[in-house]
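Please read the structure below before turning to the comments.
The values are calculated or read from the model by the stated rules, or taken from the named source; none is laboratory data. Since this is a predicted model, take the numbers as computed values, not measurements. Don't worry about glycine lacking a Cβ; one is built from the backbone with ideal geometry, like all the others, and counts go over all protein chains shown. Side chains included, ligands, DNA and RNA excluded: accessible areas come from the protein's heavy atoms. Shrake-Rupley method; radii C 1.70, N 1.55, O 1.52, S 1.80 Å.
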Amino acid sequence: MPRYGSAPYTASKHAITGLTRSISLDGREFDIACGQIDIGNAASAMTARMSGGVPQADGTLKAEPTIDVTHVADTVVQMAALPLDVNVQFITIMATTMPFIGRG
């Protein structure tokens with residue numbers, strides 16, 4: 001779900017999803033697998049502000065949890081280790097306490 005004032009970010013996320021699907025289809029004949037990882041607030045300098053409250057879809061400010069970036073790296077490694085006849089098309093990794101999955 002988008003946040004208020006996030007049209008450019010939302011458009012880019014949708015573009016990546018379309019690109020993932022297109023590469024997956026176009027890459028088949030070359031044994032190219034393509035998957036998308038959607039990451040929900042991995043702990044980093046970029047997400048440090050999340051604990052202080054960020055705008056939600058309903059206009060309120062709420063703190064959002066973060067996850068250890070190691071879990072994201074582990075997911076990337078797991079996807080990359082799959083044989084070429086297996087693909088994880090889309091995966092979302094996020095804190096179990098993320099408000100309203102996708103910010104409701």
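The residues listed here are Thr92, Thr47; of these, the one that is out of contact with any strand residue (DSSP E or B) (no Cβ under 8 Å at 6 or more places or on another chain), under 23 Å from Tyr4 (Cβ atoms) and surrounded by 11 or more Cβ atoms within 10 Å (Cβ to Cβ) is Thr47.
For the stretch 51-95, the set of residues classified as assigned to a helix (DSSP H, G or I) and of a type in the set (Val, Ile, Thr) consists of Val69, Thr70, Val72, Thr75, Val76, Val77, listed by residue number. The C-beta contact set for the stretch 1-20 (first residue touching a residue at least 12 places away in the same chain (Cβ under 8 Å), second residue of a type in the set (S, T, N, Q), distance under 6 angstrom, 6+ apart or interchain) comprises Pro2/Thr10; Thr20/Gln36. Residues in the stretch 28-50 that are more than 23 Å from Thr17 (Cα to Cα) and in a helix (DSSP H, G or I): Ala45, Ala48, Arg49, Met50.
If you filter the stretch 46-104 down to residues that are in contact with a Gly (Cβ under 9 Å, 6 or more places away or on another chain) and among the acidic types (Asp, Glu), you find that the one that is modelled with the lowest pLDDT is Asp58. Residues in the stretch 10-34 that are open to solvent by less than 40 Å² (accessible area, probe 1.4 Å) and farther than 30 Å from Ala57 by Cα: 3 in all.
Condition (residue is open to solvent by less than 90 Å² (accessible area, probe 1.4 Å) and hydroxyl-bearing (Ser, Thr, Tyr)) applied to the stretch 95-103: is it met by at least one residue? Spell out the reasoning first.
Kept after step one, since they are open to solvent by less than 90 Å² (accessible area, probe 1.4 Å), are these residues of the stretch 95-103: 95, 98-99, 102-103.
Imposing the further condition that a residue be hydroxyl-bearing (Ser, Thr, Tyr) reduces the set to none.
No.
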